[in-house]
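Comments concern the structure below.
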Amino acid sequence: MQLRINGKDTELTAVTVAELLAEQGIDPAARFLAVAVNGSVVRRAEWLTAPLAAGDSVEIVRPFQGG
Amino acid sequence: MADPLVIAGTSFTSRLIAGSARFPNQQVMLDALEASGAEMVTASIRRISLEGYSGSLIDLLGDKYRILPNTAGCVTARDAILTAELAREALETNWVKLELIGDRELLYPDVEQLVHAADELVRKGFVVLPYCNEDPVSCQKLADVGCAAVMPLGSLIGSGMGIVNPAAIELICSRSPVPVVLDAGIGTASDAAQAMELGCDAVMIDTAIAKAHDPVRMGAAMRAAVEGGRLARLAGRIPKQRFAEPSSPQLGLVGS
């Protein structure tokens, strides 16, 4: 199904946040990661179960240098 | 002499909050932060790169410094609030340096949206430190909605122009019910000292350290300036006057 990940339309088979991270090659155990789906934060504890639907907009972020 | 900075019940020995951006490389950043004595360091929250996912510099800083995430670049309250919520999840902190930009060239705060977003974030349990105009009314409104400190600008972000309106900063410091952290515009050590002398409780410095010819030495200079300025403020400066007043005794002058 098609999802919008960090502003880019992407074709994926993942149906949960955890699967999506795995499919993108991101270690879900990595520190300092955060995920939002359709403008709402999905807590880390819910990544395994939080469902994704076609057309969802996903933000995957982490801290960078800043002022 | 213990003189801690206290924000939202948390004590800091250092009155310098440092940025982590724009350093020539990671080692210089680490050394400059060390030299600055800062205990709290700001970070941004950004989308990870899906192509080249790699470790973040926060991996290096996170265990040594308190990380203060910002909402830099956000132009709507909605985006700033989501960024703060993502930061809370990523960094396990409810502190946020709230930035809401009203003009992408000037990076001047959008006060209307800032107050709105601050109000909502405070209700959601955040400790909000807003980057704001050097205007006592804006600062009061932000304190009224529950911000833990206010961060008025000395001059435009990254400009190095120092404190262009010291009278306004002094006025804010004299009236603010919450700590005042001078943010933006500091160019060199004397600017940081001046902020403290005007009554600011702390200063936030990024570019002036990171882009100095020798960032590590400038980190040390800023530390000394903040400490010197704070001591001068506590000591109480002499009033200015228009005429000379001799400092040596007038009696017993040779040849009189």
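Derivation of every value follows stated rules applied to the coordinates shown; laboratory data play no part. Quantities reported herein were computed from a predicted structural model and do not represent experimental measurements. Neighbour counts run over all protein chains shown; Cβ positions are idealised from the backbone, glycine included.
Of B:CYS173, B:CYS139, B:CYS74, the residue with the greatest mean-square motion in the GNM of chain B, using alpha carbon springs below 10 Å, is B:CYS74. Extending 7 Å from the Cα toward the beta-carbon at both A:MET1 and B:SER190 defines two label points whose distance is 6.3 nm. Net charge of the neighbourhood of B:CYS200, taken over other residues with C-beta under 12 Å away and scored Lys/Arg +1, Asp/Glu -1, is -3. Along its three principal directions, the equivalent ellipsoid of the protein assembly as shown from the Cα gyration tensor extends over semi-axes of 44, 21, 15 Å, largest first. Rounded to the nearest whole Hz, the Karplus-based 3J(HN,Hα) values (6.51 cos²θ - 1.76 cosθ + 1.60, θ = phi - 60°) of region A:47-56 follow the sequence 4, 5, 10, 4, x, 10, 10, 3, x, 4, with x at glycine and proline.
Per residue, the convex hull spanned by the alpha carbons of region B:174-215 comes to 59 Å³.
Taking the centroid of alpha carbons for each part, region B:108-139 and region B:67-100 are 12 Å apart. Sorting B:229-237, B:195-203 by average packing, meaning the other beta carbons within 10 Å per residue, from highest down gives B:195-203, B:229-237.
Summing charges over neighbours of B:GLY228, with a neighbour being any other residue whose Cβ is under 15 Å away from its Cβ, gives +1 when K and R count +1 and D and E count -1. Rounded to the nearest Hz, the phi-derived 3J(HN,Hα) couplings of region A:21-31 under the Karplus curve 6.51 cos²θ - 1.76 cosθ + 1.60 (θ = phi - 60°) are 4, 4, 5, 8, x, 9, 6, x, 8, 4, 6, where x marks glycine and proline. Efficiency by 1/(1 + (r/R0)^6): what FRET value for A:ALA22 and B:GLN26, r their Cβ-Cβ distance, R0 = 45 Å, to the nearest 0.05? The pair A:ALA22/B:GLN26 has a calculated efficiency of 0.95. May I have the pair-distance distribution P(r) for region A:2-61, computed from all Cα-Cα distances with 5 Å bins from 0 and rounded to whole percent? Result returned by the calculation: 4, 20, 37, 29, 10, 1. Between B:GLU34 and B:ALA8, the contour length at 0.36 nm per residue exceeds the Cα-Cα span by 6.9 nm.
Based on the Stokes-Einstein relation at 20 °C and a viscosity of 1.002 mPa s, and on the Kirkwood radius from alpha carbon pairs, region B:145-255 is assigned a translational diffusion coefficient of 139 µm²/s. Spin-label model, B:SER256 to B:MET161: label points 7 Å out along the Cα-to-beta-carbon direction sit 4.9 nm apart. Sorting the segments B:156-169, A:44-57, B:92-105, B:30-43 by their mean number of nearby beta carbons within 10 angstrom, highest to lowest, gives B:30-43, B:92-105, B:156-169, A:44-57. Extension gain, A:ALA45 to A:SER57: 0.36 nm times the residue separation minus the Cα-Cα distance gives 2.4 nm. Taken one residue at a time, the phi angles of region A:4-11 give Karplus couplings (6.51, -1.76, 1.60, θ = phi - 60°) of 9, 10, 6, x, 10, 5, 9, 8 Hz. Gly and Pro are set to x.
Across region B:27-96, C-alpha contacts under 8 Å between residues 6 or more apart give a mean separation that, scaled by the residue count, equals a relative contact order of 32 percent.
Pairs spanning more than 32 Å between alpha-carbon atoms, out of B:LYS211/B:LYS240; A:LYS8/B:LYS97; B:LYS64/B:LYS211; B:LYS64/B:LYS141: B:LYS211/B:LYS240; B:LYS64/B:LYS141. Partner shielding of B:16-23 amounts to 2, given as the average count of beta-carbon atoms from other chains within 10 Å of each residue beta-carbon.
Excluding B:GLY73 itself, what net charge comes from residues whose Cβ is under 11 Å from its Cβ, given Lys and Arg +1 and Asp and Glu -1? Its environment carries a net charge of 0. For chain B, the relative contact order is 19 percent, taking Cα pairs closer than 8 Å that sit 6 or more residues apart in sequence and dividing their mean separation by the residue count. Membrane-span-like helices in chain B, defined here as complete DSSP H runs extending at least 27 Å along the helix axis by their C-alpha atoms with mean Kyte-Doolittle hydropathy no lower than 0.0, are B:215-235; this is a sequence and geometry rule, not a statement about a membrane.
Legend: P(r) of chain B from all alpha carbon pair distances, 10 Å bins from 0, whole percents, reading 7, 30, 35, 17, 5, 3, 2, 1, 0.
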